[in-house]
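The values are calculated or read from the model by the stated rules, or taken from the named source; none is laboratory data. The structure presented is a predicted model; accordingly, all values stated were derived computationally and were not measured. All Cβ positions, glycine included, derive from the backbone under ideal geometry; neighbour counts span all protein chains shown. Remember, those area values only see protein heavy atoms, side chains included, never the ligands or the DNA or RNA. Shrake-Rupley method; radii C 1.70, N 1.55, O 1.52, S 1.80 Å.
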Amino acid sequence: MICTVLVFLSGVLAVNSLRLQAKNAEYIEQEEELQSQIDDEKKRSEEVAAFREYVKTDDYVKETAEEKLDLVDPNEIIFKPAE
């Protein structure tokens, strides 16, 4: 009788051990995915910080004026194709 109980408990422990190992593998995979997302967001944050600094420069102001307002420097000559 005692042997039967011990065998049953051993079986239950083995099944629970397998379940825990599977959950552990899932958690490790999830941790790696989250770490990858953290790394991506850190890189994006650095890019945003660099762009924030670039926006403060005269080069950005000049580029924006040329692209959006079609402004040019006083001594600059623009060649446009004939229509």
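Summed over region 60-82, the residues that are part of a helix (DSSP H, G or I) and surrounded by 10 or more Cβ atoms within 10 Å (Cβ to Cβ) give a count of 7.
Taking the criterion of being more than 14 Å from the chain's Cα centre (by Cα), modelled with pLDDT of 95 or more and small (G, A, S), the residues of region 27-70 that qualify are A49, A50. hydroxyl-bearing (S, T, Y), out of contact with any His (no Cβ under 7 Å at 6 or more places or on another chain), open to solvent by 100 Å² or more (accessible area, probe 1.4 Å) and assigned to a helix (DSSP H, G or I): does that describe Y27? Yes; evaluated as a whole, the condition is true for this residue.
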